[in-house]
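Reading through the structure tokens given below for one structure.
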């Protein structure tokens, strides 16, 4: 089984190509101007290195955020285009879900061991994702001063360890908030690229028994960290154009 995973929710473009057992090759690079060409070329290059073409892909896993407006639109548009052109099933995975898995080094949590991931949204606010170790997932935008209270309301009694996955500075701030207000040990796992890796995006999707078996890209819906007025206008214009095309 040939599986492609991609994450473009941050300035770091992360790709992974492998098999259904989670064994594969990763590619990570910082991209900016000309990102669209860089992403397409990188996917073709990764496939060629494995001796296949994009038409041979059997599953495409995409990071759906939260993340940057431009990066997410680009990554999801690319995933949809390949899926539509070659009738490839797709699967969405959230950025924070993948970061939590990477931080603890496992897709599933152990009882009493929670996992927390963070992505900065705007000044003084971060998007937090929490696997509480009891089978529940919590995700929200939280002001820096409210982190301790937010965690206290969601972590079950008996939680022994909280693994924190975030960029180094953010991870240290979260650990300090935990130590100051919660009687829980905090374990910091800085995320080198500041966001999710495509390898963990793939592993999360492959662990799900209900992953897509047919081409259905409707679940590839982006969730943005923050959107400017100009970006909201562009988003509405693109959606209106797509709606007009469907009515013709």
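The values are calculated or read from the model by the stated rules, or taken from the named source; none is laboratory data. Predicted model only: the values in this text are computed from it and were never measured. No Cβ is skipped: glycine too gets one built from the backbone with ideal geometry, and neighbour counts run over all protein chains shown.
Below, the figures for the structure above:
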{"read-out": "Residue in the stretch 25-38 that is assigned to a loop (DSSP other than H, G, I, E, B), in contact with a helix residue (DSSP H, G or I) (Cβ under 7 Å, 6 or more places away or on another chain) and not assigned by TED's automatic domain parsing to the domain that holds residue 130 present", "value": "yes"}
{"read-out": "Which listed residue is in a loop (DSSP other than H, G, I, E, B), free of Cβ contacts under 8 Å to residues at least 40 places away in the same chain and over 22 Å from residue 25 (Cβ atoms), from 109, 77", "value": "109"}
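For every residue, the table says whether it meets (1) exposed (fewer than 15 other Cβ atoms within 10 Å of the Cβ); (2) over 27 Å from residue 220 (Cβ atoms); (3) modelled with pLDDT of 90 or more.
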residue: 114; (1), (2), (3): no, yes, yes
residue: 133; (1), (2), (3): no, yes, yes
residue: 153; (1), (2), (3): yes, yes, yes
residue: 183; (1), (2), (3): yes, yes, no
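Here's the yes/no breakdown for (1) assigned by TED's automatic domain parsing to the domain that holds residue 175; (2) modelled with pLDDT of 90 or more; (3) farther than 18 Å from residue 220 by Cα:
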residue	(1), (2), (3)
46	no, yes, yes
54	no, yes, yes
58	no, yes, no
68	no, no, no
90	no, yes, no
122	yes, no, yes
125	yes, no, yes
144	yes, no, yes
147	yes, yes, yes
